Amino acid sequence: MITPDLQQYAQKMRDLATAGVDLETDARFLDALLPRRARVLDLGCGIGAAVNALRRAGHLAWGIDTSGEVLQVAAELFDPAWYRRMPVTDIGSAQLQQAGLIQRYDGLLMAGNVAAFLSARELAGVFRQAGALLDPQGVFILGTTAAVFGGPADQDRAAEGTGLQLLGRYADWHLRPFTPDSPWCVSIFAPTTARQLPGAPDGIFVLGGQVAHPDR
């Protein structure tokens, strides 16, 4: 389990945000999987860039983090009402209600090696609680370094018996295929493998009451 230097991390992320570095790739990935105005909770939200991006896309997003240092940066950059200081292991319904957060979600995000800060027991607990928080068509997205604790094998073990199943795994947020040599991993878990994608034209556009394909 990693013990982070939170002050150093907070300053690093503040500098990246100030420099205009793209910190929203995880939010765009999740946005593509969600219906419009989805309810999202970012577990270990850091400086809150993903929450801000999801809010800008029209979703109802909140973030939680244990670090007062990084949440201070989030409050400086974005709306502090979107963030709560609480551990990712405390996402039970009662704890969320006490924090003024809703208890059901369309999407849960845990990116940036948050899983590496947990023990095996804690990670399994997060998966159990995630299964209880997600709507039937919801998704739980994890982005981690593959070789540290919290990587693919640890996630798969933690998911056992929770009702969450792996739907897909990629090498990065840009959908490159995951291989045993991939240094990074993005995993999609959901309550059911029969998940329906959000309703959308998906390349077929209705014009004047008739269906027209773009290539015709």
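Bear in mind these aren't lab numbers, they're just calculated from the coordinates by the rules spelled out. As the structure is a computational prediction, the values presented were derived from the model and not from experiment. Reconstructed Cβ throughout: ideal geometry from the backbone, glycine too, with neighbour counts over all protein chains shown.
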All other residues with a Cβ under 15 Å from the Cβ of D90 taken together, and with Lys, Arg as +1 and Asp, Glu as -1, what is their net charge?
+1
Please compute the net charge surrounding G100, taking Lys and Arg as +1 and Asp and Glu as -1 over other residues with Cβ under 13 Å from its Cβ.
+2
